[in-house]
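Everything on this sheet refers to the single structure shown next.
Each reported figure results from applying straightforward, stated rules to the coordinates on display, with no laboratory input. Keep in mind it's a predicted model, so treat the numbers as computed, not measured. Counting neighbours? That spans all protein chains shown, and the Cβs are built from the backbone with ideal geometry, glycine included.
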Amino acid sequence: MRKIRYQVACSLDGYIADVDGKTGWIVDEPSIDFGALFDQFDTLLMGRRTYEGLVKDADGFWGKTVYVFSKTLRQEEHPQVTVVSGNPQPMLNEMRSMSGKDIWLFGGGELFQSLLALGHVDTVEPAIIPVLLGGGRPLLPSPAIQQALTLTSHRVFPSGIIWLEYTIRKREEASA
């Protein structure tokens, strides 16, 4: 079964974008191999705001299949992606059962919130950037379900970035 992994940069105080929706505060870390990182995935899931922020800059979305979750975008106006506007549960079940690489939940705290509630997030992998923003778009907007996690990996980089990897504990595991 393919995993859906929420891999995202966030500030130490838990924001994935500043109050203007910008991410220019993310520090460069030369020792992170972004090619190897992108090779782990063949599919990207993103919300409308993330998509709209990337569409002018992303060159073909790095050869990945892209699903954009939106109630306002029209499929015929965005033929380079698949727009998901209805109940995502059947599509996610099918996608996860297909062969392929892992699926990157690529930005979007609201999408993370929704997919977490549906039980469709396997790992949470924040790269904690050494900056305090004091406000912005949160990693996980309220209200959200409480979710137990298990730390499975961590890395510390020279820039001060701390990359954490948590596995989502299934609800029956968390209550045992």
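Where helices (runs of 4 or more DSSP H) sit wholly within the stretch 78-176, those with at least 1 residues that are of a type in the set (Phe, Trp, Tyr) and closer than 25 Å to residue 21 by Cα occupy 109-117. Scanning the stretch 1-15 for residues that are within 13 Å of residue 112 (Cβ to Cβ) and outside any strand (DSSP E or B) yields a single hit, 14.
If I ask for residues that are within 23 Å of residue 38 (Cβ to Cβ), among the aliphatic types (A, V, I, L, M) and either within 13 Å of the chain's Cα centre (by Cα) or surrounded by fewer than 17 Cβ atoms within 10 Å (Cβ to Cβ) (or both), which ones from the stretch 117-147 would you list? Within the stretch 117-147, 121, 124, 127, 139 qualify.
Of the set (1) within 30 Å of residue 135 (Cα to Cα); (2) in a strand (DSSP E or B); (3) of a type outside the set (Ser, Thr, Tyr), all apply to residue 25 but (2). Of the listed requirements (1) farther than 21 Å from residue 1 by Cβ; (2) among the β-branched types (Val, Ile, Thr); (3) surrounded by fewer than 16 Cβ atoms within 10 Å (Cβ to Cβ), residue 68 misses just one: (3).
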